[in-house]
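Please see the structure below; I have some questions.
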Amino acid sequence: MTADSKPFYITTAISYPNGKPHIGHAYEAIATDAIARFFRLSGRDVRFQTGVDEHGLKMVKTARERDMDVRDFANEMTPYFMAMCDVLNVSYDRFIRTTEEANHLAVQEIWRRMEANGDLYLDRYEGWYSVRDEAYYDEKELEDGEGGEKLSPQGTPVEWTVEESWFFKLSEYQDKLLDLYARNPGFIQPESRRNEIANFVEGGLRDLSVSRTSFDWGVKVPGSEDHVMYVWVDALTNYLTGLDWPDEDGLYARYWGEGADVTHIIGKDIVRFHTIYWPAFLMSAGLPLPDRVFGHGFLLNRGQKESKSVGNVTDPIALAETFGVDSVRYFLLREVSFGNDGSYSAEAIVTRCNADLANDLGNLAQRTLSMIAKNCDGTVPAPGEASEADAKLIATLEAIPAEAAEAMDELAIHRALEAIWRGAGEANLYISEEQPWSVRKIDPGRADTVLYRCAEAVRQLAILARWAIPELADALLDQLSQGKDARDFAALATPLAAGLTLPQPQGVFPRLELPAEQGDS
Ligand code: ME8
């Protein structure tokens, strides 16, 4: 597996904790975690950051509705996001809260640099604002709602806002941004989103209102203390705060700029903020840009957007309790083509996981390990000479790491899993054709060889799938008596040792069933 030598910094968006985490938050965290784990297993130096976006009017309004102080509200809600990460095995290195003192300091520093560059000026803002999107919109972008009210392109209500405000000279960055997209075609991914953004920027950019005076829940503008910064200035800067910037040594030196590979994973609704505002702020402050912004699709519940009014909001933790963490992870990673929208339902999770986990990988492991326990005294048998069928299986498995790595370089998560499960399919075909259970009576040596090849296939597949289904893969590797230091991609090259004693085999992949109320409907 080729390990790019640059340190890899990968981030999720930071979630608004104005409600409990929903399936979209879980999806983004799982996908980003899977990518981080994949590259760690490849031997790369990886740093993975996630967190919460606690400032802004949206938080103020929700706290007010609950008759709560906004800081208390944030303190109550943020732990739900941390708990979601823990339950889903999201292996972040840093969980950031934008209310941290360190974030205030970093955001004020980036502001000072933008100001020193002559990009900030004080004026009056008059225009449309959507609190739900925390976004300003031009009149021409708005749509008419059913009752004649104005709606943002995302379908959220907008309000007419008039305030004294600091402005960022975004209009001066049009050419620089277009040049960035042209010179660096991988900056916005997938490609369809790049075209959308490039078209938008070509249409011209207006200066951006970057401060508010009507509330004080945010980062104070240096030297203009009655202003708090627009929540997106403070939110985007989290990516630097988490590297201890403005300290330019240490983490920042390692994971940002020339020597590093920086990827932001976000949903399609916030691509504009990450590919227009963020690079413009960074250019203004004289800082290097990230390498890639990947806008994933939205997850739909049986094809429908989840919403409180429809009553179809899924708690990702409950979903993991019902089906198992790795089943939910596997389903989301395999079923959704990363970058496109995807749909989920209990039936689809059960069908996919039973086919791929319980049948393909589970049966292969179960059959192999129980025959080794029964026929080989629970120790890994020694393989004899390889037949043509053996050679074919070996070659198939050997080709997977490169195929998976190529897919993951493009963040085609689903394709990497497809390649790995093609290997499981081959191994199942092999065991069915070679029939070690009947061959044993006539040629025990050959039966041992077949069982060895199958056990080695299980080992390789478990290592290859570990980034997607960490707990299940580790349980399989425990069954194969593999040490903790023999579970990364480099270990693929060291075959299973003959003579190794294996524990009493246990089923690792449970067969899922539809919960009663789902099955009845
Ligand atoms: O946008 N399917 O926070 P957020 C998939 N605080 N992804 C979804 C989704 C769905 N149904 N719904 C939301 C914010 N997301 C800002 C980000 S980053 C500096 C600041 C994704 O809580 C969404 O696209 O509304 C975003 O990437 C993430 O969840 C957090 O959304």
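Straight-line reach from K20: which lysines fall under 26 Å, measuring Cα to Cα and dropping same-chain residues less than 8 apart?
Cα-Cα hits under 26 Å: K58, K61, K268, K305, K308.
So what's the back-of-envelope 222 nm ellipticity for the chain, counting only DSSP H runs of four-plus at -39500 (n - 2.57) apiece and dividing by all residues, rounded to 500?
-14000 deg cm²/dmol
Mind checking the dipole of the stretch 1-142: about its Cα centre, +1 per Lys or Arg Cβ, -1 per Asp or Glu Cβ, Debye to the nearest 20?
Using only the charged Cβ atoms, the result is roughly 500 debye.
Here is a further query. Just flag the GluC sites (Glu not before Pro) in the stretch 428-470 sitting in loop per DSSP whose Cβ has no more than 16 other Cβ atoms within 10 Å.
Nothing satisfies the criteria.
Then there's this: In debye, nearest 20: dipole of the chain around its Cα centre with unit charges on the Cβ of K, R (+) and D, E (-)?
1260 debye
Could you work out how far apart the two model spin labels at N375 and A116 are, taking each label as a point 7 Å from the Cα in the direction of the beta carbon, and quote it in nm?
Going by the 7 Å Cα→Cβ label model, 7.3 nm.
Projecting each Cα onto the charge dipole of the chain (Lys/Arg +1, Asp/Glu -1 at the beta carbon, about the Cα centre), which of I23, Q108, L464 comes out farthest on the positive side?
Of the options given, the answer is L464.
On to the next question. What is the Cα coordinate range of the stretch 1-76 on the first, second and third principal axes, sorted by size from largest, in whole angstrom?
For the stretch 1-76, the Cα spread along each principal axis is 54, 21, 16 Å.
Same structure, new question: Indicate the gyration tensor shape class of the stretch 396-440 (rounded, prolate or oblate), computed on the Cα atoms with a ≥ b ≥ c the square roots of the eigenvalues: a/c under 1.5 is rounded; otherwise a/b larger than b/c is prolate and the rest oblate.
prolate
List the lysines whose alpha-carbon lies under 21 Å from that of K169, not counting same-chain residues fewer than 8 positions away?
K140, K220
How much of the DSSP beta bridge set in the chain is antiparallel, as a percent to the nearest 5?
Around 50 percent antiparallel, to the nearest 5.
If you don't mind, another one. In the stretch 199-357, what percentage of the DSSP-assigned beta bridges are antiparallel, given to the nearest 5?
35 percent
Shifting gears a bit: Pulled fully out, how much extra length does the chain show between D93 and A355, if you take 0.36 nm times their separation in residues and subtract their Cα-Cα distance?
Separation in residues times 0.36 nm, less the Cα-Cα distance, equals 91.0 nm.
Report ³J(HN,Hα) in whole Hz for each residue of the stretch 169-183, in order, from the Karplus equation J = 6.51 cos²θ - 1.76 cosθ + 1.60 where θ = phi - 60°; Gly and Pro get x.
Here the 3J(HN,Hα) series is 6, 4, 4, 7, 9, 4, 5, 5, 5, 4, 5, 4, 5, 6, 6 Hz.
Here's another thing I want to ask about it. What ranking, highest mean first, results for peptides 416-422, 378-384 when packing means the other Cβ atoms within 10 Å averaged over each residue?
With the highest mean Cβ count within 10 Å placed first, the list reads 416-422, 378-384.
Take the alpha carbon atoms of the stretch 309-329, find their center, do the same for the stretch 89-125, and report the distance between the two centers in whole angstrom.
Between the Cα centres of the stretch 309-329 and the stretch 89-125 lies a distance of 34 Å.
Assuming a ≥ b ≥ c are the square roots of the Cα gyration tensor eigenvalues, decide whether the stretch 283-408 counts as rounded (a/c under 1.5), prolate (otherwise, with a/b larger than b/c) or oblate.
Oblate, since a/c reaches 1.5 and b/c is not below a/b.
Let me ask you something else. Can you give the relative contact order of the stretch 445-521 as a percent, counting alpha carbon pairs under 8 Å and 6+ residues apart?
30 percent
Output needed: percent of Cα pairs per 10 Å distance bin for the chain, bins running from 0 to the one holding the longest distance.
Result returned by the calculation: 4, 17, 26, 23, 15, 9, 5, 2, 0.
Please work out the average accessible area per residue across the stretch 380-521, using the 1.4 Å probe convention, and give it in Å².
Value for the stretch 380-521: 46 Å² per residue.
Also, I was wondering about something else. Compute the Cα gyration tensor for the stretch 342-454, then decide on rounded, prolate or oblate, letting a ≥ b ≥ c be the square roots of its eigenvalues: rounded whenever a/c is under 1.5, prolate when a/b is larger than b/c in the other cases, and oblate in all that remain.
Note, shape of the stretch 342-454 comes out oblate.
Measure out, as a whole number of angstrom, how far apart the alpha-carbon centroids of the stretch 136-204 and the stretch 208-265 sit.
When both Cα centres are located, 20 Å separates them.
Give me the Å³ per residue figure for the convex hull around the C-alpha atoms of the stretch 69-213.
Spread over its residues, the Cα hull of the stretch 69-213 gives 199 Å³ apiece.
Please work out the FRET efficiency for the pair A182 and K441, using the Cβ-Cβ distance as r and a Förster radius of 51 Å; give the result to the nearest 0.05.
Efficiency, from the Cβ-Cβ distance: 0.15.
If I compute solvent accessible area with a 1.4 Å probe over the protein chains, what percent of it on the chain is carbon and sulfur?
47 percent
Relative to the longest principal axis of the C-alpha atoms of the chain, give the angle of the C-alpha long axis of helix 470-479, reported between 0 and 90° and rounded to the nearest 10°.
On a 0 to 90 degree scale, this one is about 20.
Enumerate the amide H contacts of S15 below 5 Å, restricted to partners 5 or more residues apart or on another chain; note that Pro and chain-start residues carry no placed amide H.
G51, V52, D53
Run the Debye formula on the Cα coordinates of the stretch 154-223, all scatterers equal and no solvent, and tell me log10 I(q)/I(0) at q = 0.23, 0.24 1/Å.
Per q value, in the given order, log10 I(q)/I(0) is -1.02, -1.04.
Write down the accessible area per residue of the stretch 78-231 in Å², having rolled a 1.4 Å probe over the full set of protein chains.
Heavy-atom accessible area per residue stands at 48 Å².
On a 0 to 90 degree scale, rounded to 10, what angle separates helix 444-465 from the longest Cα axis of the chain?
Roughly 10 degrees between the two axes.
Go through V380, T351, L480 and say which Cα lies farthest out towards the positive end of the charge dipole of the chain; charges sit on Cβ, +1 for Lys and Arg, -1 for Asp and Glu.
V380
Which of F338, N428, T78 sits closest to the plus end of the dipole of the chain, meaning its Cα is farthest towards the positive end, when Lys and Arg get +1 and Asp and Glu get -1 on the C-beta?
Positive-most Cα among the choices belongs to N428.
Angle check, please: helix 101-116 long axis (alpha carbons) against the longest principal axis of the chain (alpha carbons), in degrees 0 to 90, nearest 10.
Around 60 degrees separate the two axes.
I'd like the FRET efficiency for D409 and D67, computed as 1/(1 + (r/R0)^6) with the beta carbon distance as r and R0 of 35 Å, rounded to 0.05.
0.10
The values are calculated or read from the model by the stated rules, or taken from the named source; none is laboratory data. Everything numeric here is computed off the predicted structure, so don't read it as measured data. For neighbour counting, all protein chains shown are included, and Cβ atoms are generated from backbone atoms with ideal geometry for every residue, glycine included. Note: accessible area is taken over every heavy atom of the protein model, side chains too, but ligands, DNA and RNA are not part of it. Shrake-Rupley method; radii C 1.70, N 1.55, O 1.52, S 1.80 Å.
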